[in-house]
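Before any comments, here is the structure.
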Amino acid sequence: MAPVKVFGSAMSTNVVRVLVCLEEVGAEYEVVNIDFQAKEHKSPEHVARNPFGQIPAFQDGDLFLFESRAIAKYVARKHKSADADLLREGNLNEAAMVDVWTEVEAHQYNPAISPIVYECLVNPAMKGLPTNQKVVDESLDKLKKVLEVYEARLSKTKYLAGDFVSFADLNHFPYTYYFMATPHALVFDSYPHVKVWWESLMSRPSVKKLSANMPTSWP
Amino acid sequence: MAPMKLYGATMSWNVTKCAVALEEAGAEYEIVPINFSTGEHKSPEHLARNPFGQVPALQDGDLYVFESRAICKYACRKNKPELLKEGDLKEAAIVDVWLEVEAHQYSPALTPILFEVLVKPMLGGTCDKKVVEENLEKLKMVLAVYEARLSKCKYLAGDSISLADLNHVSMTLCLFATPHASVLDGYPHVKAWWAGLMERPSVQKVAALMKPSA
């Protein structure tokens, strides 16, 4: 069985969203880099894989997929086992909780945390742009309100969807990892249950392995 | 078995997104309005259903679900799983792709248009035409991708309807309440797909719910 292919940079947050699921389920994969500087993401070859000209894209035999969460779910479903049931689709209530907190990451957490990552890391390092402090401050205010909800939740359950690690928790890894490299990492110290949850995610072998390829400073 | 309760107002396209899924799934449900003007969405009762103080929220027995797309999936999984195709690895993946496209491509282009034209005036603000124009351009780029897709298959995930198609209904109904619905005219396969969705009894029922009462 040929390893699946993930198209995109192994440093990119949305590519890592897929890679962390591949690692968790122990699937064989290769990362095929897409060169943004050379506008490879807009090439006809890549647009055939992802009509929005974005990364990641994915290939498993003759199946082509795009949108990181859709790819990651396919991986989770395909390799589901007793040790790795990230979606819990066999249990109506558990699956609902996985979906709820996956949506929360996408629509509450990510919109608050990603502008901070872009302003503090990506814009200065990759685009030569200065940090827009107003955007950072507004995003930090939003993030704190979101983290209050997470603190309340994680005071009741070990992980977001329940007492089991799931797809919902893993989706938080890429952007939070980069957030921890910004000057604002200490925000998490005010939310002790969130901090414990984050540290337990960081201690997972899959996360440790991928972190090694995700630089937190650039020359 | 008590009907499910869907909390929120039918003016909210996120609430009606769930109503479409519940109707198509054949679920028994009732809509329980939440009064934003009295701050009901921030009441302890409602925060227990949705800790972000937003709508919709769904109650099914002692299970509370929030985030509209999670609610829609729950309704389908429980009452009509063929709308998710979770039994087939490839088909389920393609449904997921187009569910994500709705959430991360279609909705981000359409929401600002709906907000400027429909919501802002109700809040005492004025429509920012520049925002509308910029997002109409973004929407056209998204619609070009949909046009290519729907030239190849009848529905987004293949030849049968799925939740991916249904999740577009409530916002697209709102687009028709703005002067900008003609943006679809440039995309004939998208228009035909939409016309097909409009014929469905579930969609007509929700469209009627969304009309302001006389």
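The values are calculated or read from the model by the stated rules, or taken from the named source; none is laboratory data. Please read these numbers as outputs of a predicted model, since none were measured by experiment. No Cβ is skipped: glycine too gets one built from the backbone with ideal geometry, and neighbour counts run over all protein chains shown.
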Residue list for the stretch B:89-110, restricted to those being within 10 Å of chain A (Cβ to nearest Cβ) and more than 29 Å from residue B:182 (Cβ to Cβ): B:89, B:90, B:92, B:93, B:94, B:95, B:96
Pick from A:162, A:128: which is buried (at least 17 other Cβ atoms within 10 Å of the Cβ) and on the phi > 0 side of the Ramachandran plot? A:162
Subset of the stretch B:126-168 (residues that are touching a strand residue (DSSP E or B) at 6+ places or on another chain (Cβ under 6 Å) and in a loop (DSSP other than H, G, I, E, B)): B:161
State which residue is farthest from the other protein chains (Cβ to nearest Cβ) when the search covers only the stretch B:68-88 and only residues that are closer than 17 Å to residue A:99 by Cβ and not in a helix (DSSP H, G or I). B:80
Of A:104, A:75, A:100, the only residue that is surrounded by 21 or more Cβ atoms within 10 Å (Cβ to Cβ), touching a strand residue (DSSP E or B) at 6+ places or on another chain (Cβ under 9 Å), over 23 Å from residue A:191 (Cα atoms) and within 14 Å of another protein chain (Cβ to nearest Cβ) is A:75
Within the set of pairs 6 or more residues apart or between chains, which connect a residue that is farther than 18 Å from residue A:214 by Cα inside the stretch A:179-190 to a residue that is aromatic (Phe, Trp, Tyr) with Cβ atoms less than 7 Å apart? A:188/A:198
Return the residue satisfying two criteria in turn: it lies in the stretch A:78-92 and is hydrophobic (A, V, I, L, M, F, W, C) and more than 10 Å from every other protein chain (Cβ to nearest Cβ), and of such residues it is surrounded by the most Cβ atoms within 10 Å (Cβ to Cβ). A:86
Looking at (1) more than 10 Å from chain A (Cβ to nearest Cβ); (2) under 21 Å from residue A:57 (Cα atoms); (3) in contact with a Leu (Cβ under 8 Å, 6 or more places away or on another chain), which is the only condition residue B:139 fails? (2)
Since residue A:69 meets every condition but one in (1) in contact with a Pro (Cβ under 8 Å, 6 or more places away or on another chain); (2) closer than 22 Å to residue B:75 by Cβ; (3) of a type in the set (D, E, K, R), which condition does it not meet? (1)
Single residue of B:174, B:153 found to be in the same structural domain as residue B:129 (by TED's automatic domain parsing) and in contact with a helix residue (DSSP H, G or I) (Cβ under 8 Å, 6 or more places away or on another chain): B:174
Please indicate, with yes or no, whether at least one residue in the stretch B:67-89 is free of Cβ contacts under 8 Å to residues at least 12 places away in the same chain, under 23 Å from residue A:150 (Cα atoms), surrounded by fewer than 17 Cβ atoms within 10 Å (Cβ to Cβ) and not aliphatic (A, V, I, L, M). no
Please indicate, with yes or no, whether at least one residue in the stretch A:10-25 is crowded, with 21+ Cβ neighbours inside 10 Å and free of Cβ contacts under 8 Å to residues at least 12 places away in the same chain. no
Only residues in the stretch B:91-115 that are farther than 11 Å from residue A:70 by Cβ and at pLDDT 95 or above count as the first member; pair them with residues that are part of a helix (DSSP H, G or I) and basic (Lys, Arg), Cβ under 7 angstrom, at least 6 apart or cross-chain, and list the lot. B:109/B:138
State whether one or more residues within the stretch B:111-128 are more than 10 Å from chain A (Cβ to nearest Cβ) and under 26 Å from residue A:168 (Cα atoms). yes
Report yes if residue B:177 is touching a Leu at 6+ places or on another chain (Cβ under 7 Å) and among the hydrophobic types (A, V, I, L, M, F, W, C), otherwise no. yes
Does at least one position in the stretch A:9-18 carry a residue that is over 17 Å from the mean Cα position of the chain (by Cα), hydroxyl-bearing (Ser, Thr, Tyr), outside any helix (DSSP H, G or I) and not assigned by TED's automatic domain parsing to the domain that holds residue A:177? no
Would you point out the residue of the stretch B:176-214, among those that are farther than 19 Å from residue B:156 by Cβ and of a type in the set (Gly, Ala, Ser), that is surrounded by the fewest Cβ atoms within 10 Å (Cβ to Cβ)? B:214
In contact with a Phe, Trp or Tyr (Cβ under 8 Å, 6 or more places away or on another chain) and over 28 Å from residue B:48 (Cβ atoms) - does that describe any residue in the stretch A:193-200? no
If you check A:25, A:6, A:18, which single one turns out to be in contact with an Asp or Glu (Cβ under 8 Å, 6 or more places away or on another chain), closer than 23 Å to residue A:166 by Cα and among the aliphatic types (A, V, I, L, M)? A:6
